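Quick notes on the structure that follows.
The values are calculated or read from the model by the stated rules, or taken from the named source; none is laboratory data. All figures in this text were calculated on a predicted structure; none of them were measured in a lab. Cβ sites come from the backbone with ideal geometry, for glycine too, and all protein chains shown count toward neighbours. Note: accessible area is taken over every heavy atom of the protein model, side chains too, but ligands, DNA and RNA are not part of it. Shrake-Rupley method; radii C 1.70, N 1.55, O 1.52, S 1.80 Å.
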Amino acid sequence: MDRRRAAGARAAGAPNPPKMERLDKVLKGELAAVIRRRQLVNLPISPQHPPSPSQPGPQSALDSPAHGAPPSPPTAPTDVRHMSDTFGVCFSAGGLRSVAFSSGVLGALATSGWLRRVDYLSSVSAGSCTAAAFASQ
């Protein structure tokens, strides 16, 4: 469709096409959301960026930098593709079995301490029941 016909179709009441965002803008927004969530639960932004100065330092000489020199501060990640520790959970369809299984997964993640580390949550169909319950907490 040429430009004049497209403009005429929009003028005649046709819905506007969805606005497209640039990928770099979407990734920056995604990074901001992950960082904000991690700060709320006092988790490191990334393995190189501790959550706060109140966190304990190295626990042994093996954890300390060589020769006692402090490491140079790393640069902050610029988008989530540069974060090596993002963690996602997906809940699938499958009716009551899916709900039962995904509830068990959530329980195991909570028991092991990994539940607070979940950055991404994806679900479909019946798995969305468990995902909604998790997201509402």
Take the stretch 26-48 and flag every residue that is open to solvent by 80 Å² or more (accessible area, probe 1.4 Å) and farther than 26 Å from Ala110 by Cβ.
-> Lys28, Gln48
Examine the stretch 61-83 for a residue that is modelled with pLDDT under 85, within 27 Å of Ser125 (Cβ to Cβ) and open to solvent by less than 90 Å² (accessible area, probe 1.4 Å), and state whether such a residue exists.
-> yes
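Which residues, taken from the stretch 91-113, are in contact with a strand residue (DSSP E or B) (Cβ under 9 Å, 6 or more places away or on another chain) and either outside any loop (DSSP other than H, G, I, E, B) or closer than 22 Å to Arg36 by Cα (or both)?
Phe91, Ser98, Val99, Phe101, Ser102, Val105, Leu106, Leu109
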